[in-house]
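Peer 1: One structure, pasted below without further comment.
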Amino acid sequence: MMQWADSVQGIGMTSARTRDRLVDRLKNHGIRSSAVLEQIRNVPRHLFVDEALASRSYEDTALPIGHGQTISQPYVVAKMTEALLTDFAGDKVLEIGTGCGYQTAVLAPLVKEIYTVERIPELLRKAKQRLRQLDIYNVRFRLGDGWEGWPKYAPYDGIIVAAAATELPQKLLDQIAPGGRLVMPVGPSGAQELTMVLRRDDHFEQVSLGGVSFVPLVKGK
Ligand code: SAH
């Protein structure tokens with residue numbers, strides 16, 4: 001890890017102390033999972049943003065990653081990861097909206113397999129590269145439309161979606177394994193709710209986890 005930090009200008013901004021501050025902030029905002037907090041501390045977020053923004057990479061804020069997209073706010077990544085993994089019993093997670101791959105990197109050591117889908121080729125290509133650099137190998141990548149999920153490997157014990165839709169995508173609901181769950185922002189721009197859907201034996205249960213602000217889950221490829 002040190003060699004990554006060293007290669008970035010303004011090393012102070014990526015130091016252990018800077019990361020500790022971020023972790024403290026997330027704790028104060030109610031993140032409890034020590035595994036998740038540990039990952040926020042470990043994953044070099046500055047490698048997932050443009051060098052020009054590296055000095056801001058441990059602030060608890062979303063940042064642009066090009067193509068009109070953003071790297072999610074660390075608090076939201078932590079919150080979604082915690083929601084996904086609390087009482088989680090399973091191996092397979094589907095992620096929609098790879099973006100820069102930060103959420104993928106946070107999640108990767110905590111689950112057995114991740115299947116991740118992104119619609120913008122350049123973002124997917126770069127995400128793949130970064131995750132390899134970080135020696136993360138339990139991820140399969142797909143260029144495609146997240147509204148379709150990834151039927152080939154379904155069902156998934158967990159599904160995590162990093163872009164907002166006004167309704168729950170039926171095909172994603174269909175791809176949740178029994179006992180599994182989906183976490184995604186749902187609602188119109190300005191009034192999105194982070195939503196968790198639990199698949200029970202014969203019904204779906206829906207829980208709201210609070211207001212969020214995400215880029216839209218674009219329809220079609
Ligand atoms: N997970 C990222 C955040 C990505 S932002 C992180 O860790 O920071 C949301 C991403 O969803 C963008 O990269 C966007 O291109 C992608 N996206 C939007 N609509 C999509 C769709 N229909 N299918 C797949 N990806 C989509």
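Peer 1: Using DSSP, restrict attention to beta bridges with both residues in region 59-203 and report what percent are antiparallel, rounded to the nearest 5.
Peer 2: Numbers: 9 of 28 bridges.
Once the DSSP bridges in region 59-203 are tallied, antiparallel ones form about 30 percent.
Peer 1: Which far-off residues, 5 or more places away or on another chain, put their amide H under 5 Å from the one on residue 65, with H placed in the peptide plane?
Peer 2: Those qualifying (amide H under 5 Å, at least 5 residues apart or on another chain) are 70, 71.
Peer 1: I'd like the Karplus ³J(HN,Hα) series for region 153-160: coefficients 6.51, -1.76, 1.60, θ = phi - 60°, whole numbers in Hz, and an x wherever there's a Gly or Pro.
Peer 2: Listing the rounded values in order: 9, 5, x, 10, 5, x, 10, 10 Hz.
Peer 1: Can you pull out the trypsin sites (Lys or Arg not before Pro) in region 174-210 that DSSP calls coil and that have at most 14 other Cβ atoms within 10 Å?
Peer 2: Details: sites: 181, 199, 200; in loops: 200.
The qualifying sites are 200.
Peer 1: Also, I was wondering about something else. For Cα pairs less than 8 Å apart in space and 6+ apart in sequence, what is the mean separation divided by the residue count of the chain, i.e. the relative contact order in percent?
Peer 2: Numbers: 422 pairs, mean separation 31.8, N = 221.
The normalised contact order for the chain reaches 14 percent.
Peer 1: Quick one: Karplus J couplings for region 198-204, per residue in order, coefficients 6.51, -1.76, 1.60, θ = phi - 60°, nearest Hz, x for Gly and Pro?
Peer 2: 9, 8, 8, 3, 10, 7, 9
Peer 1: Still on this structure, please answer the following. Can you give the calculated 222 nm mean residue ellipticity of the chain, where each DSSP H run of n ≥ 4 adds -39,500 (n - 2.57) and the sum is split over every residue, rounded to the nearest 500 deg cm²/dmol?
Peer 2: Working: 7 runs with 63 residues, N = 221.
It comes out at -8000 deg cm²/dmol, rounded to the nearest 500.
Peer 1: Leaving out ligands, DNA and RNA, and with a 1.4 Å probe, what % of the accessible surface on region 62-212 is carbon or sulfur? The partial results should precede the final answer.
Peer 2: Details: 3050 of 6360 Å².
Roughly 48 percent of what the probe reaches on region 62-212 is carbon or sulfur.
Peer 1: Related question: What do you get for GluC sites (Glu not before Pro) in region 117-221 restricted to DSSP loop and a cutoff of at most 12 other Cβ within 10 Å of the site's Cβ?
Peer 2: Working: sites: 118, 122, 148, 167, 193, 205; in loops: 167.
Within region 117-221, the qualifying GluC sites (Glu not before Pro) (loop, at most 12 other Cβ atoms within 10 Å) are 167.
Peer 1: Continuing with this model, one more query. So, with +1 on the Cβ of K and R and -1 on the Cβ of D and E, and no other charges, what is the size of the charge dipole of region 103-221 about its Cα centre, to the nearest 20 debye? Show your work: numbers first, answer last.
Peer 2: On the way: 16 positive and 13 negative charges, 126 e Å.
Computed about the Cα centre, the dipole is about 600 debye.
Peer 1: Out of every Cα pair in the chain, what percent are spaced more than 24 Å from each other?
Peer 2: On the way: 9345 of 24310 pairs.
Above the 24 Å cut-off, the chain has 38 percent of its Cα pairs.
Peer 1: So with the 1.4 Å probe, I'd like the accessible area per residue for the chain, rounded to whole Å². Working shown, then result.
Peer 2: Working: 10510 Å² over 221 residues.
That works out to 48 Å² per residue.
Peer 1: With θ taken as phi - 60° and the coefficients 6.51, -1.76 and 1.60, list the Karplus ³J(HN,Hα) couplings across region 57-63 in order, rounded to whole Hz; mark glycine and proline as x.
Peer 2: Karplus-based 3J(HN,Hα) across region 57-63 equals 6, 9, 7, 7, 8, 6, 9 Hz.
Peer 1: Taking amide H positions as placed in the peptide plane 1.01 Å from N, state which residues far from residue 187 in sequence (5 or more) or on other chains have amide H under 5 Å from it.
Peer 2: Distant-sequence amide H within range of residue 187: 165, 166, 167, 193.
Peer 1: What residues qualify as long-range amide H neighbours of residue 140, i.e. H under 5 Å apart, gap of 5 or more or another chain, H built at 1.01 Å from N?
Peer 2: HN-HN under 5 Å from residue 140: 114, 115, 116.
The values are calculated or read from the model by the stated rules, or taken from the named source; none is laboratory data. What you see is a predicted model; the values in this text were computed from it and never measured. Ideal geometry is used to build each Cβ from the backbone, glycine not excepted, and the neighbour counts take in all protein chains shown. Note: areas computed on protein heavy atoms with side chains; ligands, DNA, RNA excluded. Shrake-Rupley method; radii C 1.70, N 1.55, O 1.52, S 1.80 Å.
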